[in-house]
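S.K.: Quick one: the structure is below, questions incoming.
The values are calculated or read from the model by the stated rules, or taken from the named source; none is laboratory data. Keep in mind that this is a model prediction, so the values were computed, not measured. Backbone-built Cβ (ideal geometry, glycine too); neighbour counts: all protein chains shown.
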Number of protein chains: 2
Amino acid sequence: MSENTGKVVCGITISADGYVAGPNQTEERPFGDDRGDGWGDRLHAWYSEAAEENEAEIAEMIAASAFIMGRNMFGPVRGEWDREWNGWWGDDPPYHAPVFVLTHHPRAPQPMEGGTTYHFVTDGIESALAQAQAAAGDGDVAIIGGANTVNQYLAAGLIDELRLHISPLTLGAGARLFEGVPPLGLEQVRARAASTVTHVTYRLVKG
Amino acid sequence: MSENTGKVVCGITISADGYVAGPNQTEERPFGDDRGDGWGDRLHAWYSEAAEENEAEIAEMIAASAFIMGRNMFGPVRGEWDREWNGWWGDDPPYHAPVFVLTHHPRAPQPMEGGTTYHFVTDGIESALAQAQAAAGDGDVAIIGGANTVNQYLAAGLIDELRLHISPLTLGAGARLFEGVPPLGLEQVRARAASTVTHVTYRLVKG
């Protein structure tokens with residue numbers, strides 16, 4: 001049992017039909033096939049608007065003290081770490097905290113500017129969570145994506161709070177939140193309509 | 001081209017993972033398997049609360065001048081109409097208007113009390129919509145379910161406005177809204193958080 005007293009939160013942007021990304025993710029298309037209409041940008045369009053207006057949802061996203069992401073979210077490199085890749089977010093990533101990347105291939109920790117260090121975890125989601133909680137002190141741990149990683153944590157009952165940002169479009173295919181996850185009891189904590197997105201926060205009902 | 005000047009609206013209650021009903025719908029379980037925890041009731045729990053409080057979403061649901069539903073929503077009878085079945089809603093259904101039921105099996109119109117008449121349409125969704133629009137005069141036509149029917153109308157580009165009522169639970173299996181529907185452009189018209197449900201209204205962006 002970790003002594004961390006924070007929550008395990010997960011904030012993620014989804015389409016109205018529940019997709020987090022389209023199929024066929026590549027380095028040039030980090031959100032998958034864009035079908036020629038730039039939907040990857042449209043899915044996340046709310047973010048820059050909200051950031052400009054200093055909305056609460058943005059502050060909440062980066063308020064965690066440690067982060068966990070899947071390897072596909074970290075980057076397009078597959079298999080061994082056979083080339084330089086330090087994430088999509090440049091030299092000074094927005095996390096300013098330890099980020100634990102789930103992978104099957106060991107790699108030394110990668111410190112970045114501004115307090116972000118990427119740690120590579122090869123022994124599974126529980127281990128990554130334990131390490132993140134130890135690093136977070138009394139702060140929250142945020143599971144930030146992609147869908148496969150979030151779904152594994154949901155299925156294992158390890159998430160306390162789910163913050164959905166529902167964008168006004170459907171994708172019809174791709175990586176879907178809740179795919180393969182057994183039925184969950186949710187308590188609606190709050191919901192808020194912004195101009196181009198609906199924010200809904202759920203508490204996971206355990207047991 | 002119909003002369004109807006109303007909108008084609010669709011209001012439907014979904015789980016947070018987009019399901020309208022569980023698998024294995026029967027007469028005893030109109031919302032499908034309940035996994036022993038009464039989720040069919042929980043999915044629709046918001047409705048009685050909202051009705052008690054005369055919320056706008058309830059008035060909106062019954063404001064249409066004609067309704068369209070699929071046969072599975074109308075009832076559990078499959079194949080020929082070989083036994084008496086006049087819907088789940090008793091002698092005085094809440095529609096008070098013509099209701100067009102999509103089926104492969106012809107049946108004479110069934111008048112009910114209070115102005116509801118069930119009409120059985122065997123020649124497809126476009127025909128049902130044309131008949132409903134003719135009956136609606138200048139009023140709206142509402143597509144009210146189930147998922148398969150709504151998805152057919154969405155895929156055909158025949159819905160103007162989609163009103164989702166998102167209940168706080170996930171199902172993990174069943175009949176899913178948007179399943180098999182090509183990507184849709186949506187415009188978020190409004191969203192409102194009630195205590196146990198989030199209402200989101202989208203306008204369908206055509207072309």
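S.K.: Would you confirm whether any residue within segment B:127-134 is in contact with a helix residue (DSSP H, G or I) (Cβ under 8 Å, 6 or more places away or on another chain) and within 22 Å of B:E60 (Cβ to Cβ)?
M.R.: Yes, some residue in segment B:127-134 is in contact with a helix residue (DSSP H, G or I) (Cβ under 8 Å, 6 or more places away or on another chain) and within 22 Å of B:E60 (Cβ to Cβ).
S.K.: Can you give me the ranges of the strands (runs of 3 or more DSSP E) entirely in segment B:1-82 with at least 1 residues that are at pLDDT 80 or above and farther than 30 Å from A:I12 by Cα?
M.R.: Result: B:8-15, B:66-70.
S.K.: Counting just the residues of segment A:175-207 that are within 7 Å of chain B (Cβ to nearest Cβ) and among the small types (G, A, S), which one comes out surrounded by the fewest Cβ atoms within 10 Å (Cβ to Cβ)?
M.R.: Here the residue is A:G185.
S.K.: Of the conditions (1) within 15 Å of B:G11 (Cβ to Cβ); (2) of a type in the set (G, A, S); (3) touching a strand residue (DSSP E or B) at 6+ places or on another chain (Cβ under 7 Å), B:G174 clears all except one; give me its number.
M.R.: It is condition (1) that B:G174 fails.
S.K.: Check A:V141 against each of (1) over 30 Å from A:P182 (Cα atoms); (2) surrounded by 13 or more Cβ atoms within 10 Å (Cβ to Cβ); (3) hydrophobic (A, V, I, L, M, F, W, C) and name the one condition it does not meet.
M.R.: Single failed check for A:V141: (1).
S.K.: Among the residues of segment A:177-199, count how many are among the charged types (D, E, K, R) and under 14 Å from A:G11 (Cα atoms).
M.R.: Of the residues in segment A:177-199, 1 are among the charged types (D, E, K, R) and under 14 Å from A:G11 (Cα atoms).
S.K.: Counting just the residues of segment A:98-143 that are touching a Gly at 6+ places or on another chain (Cβ under 7 Å) and among the hydrophobic types (A, V, I, L, M, F, W, C), which one comes out farthest from A:A66 (Cα to Cα)?
M.R.: A:L102
S.K.: Which of the residues belonging to segment A:183-207 are assigned to a strand (DSSP E or B), among the polar types (S, T, N, Q) and within 26 Å of B:V181 (Cα to Cα)?
M.R.: The one that is assigned to a strand (DSSP E or B), among the polar types (S, T, N, Q) and within 26 Å of B:V181 (Cα to Cα): A:T198.
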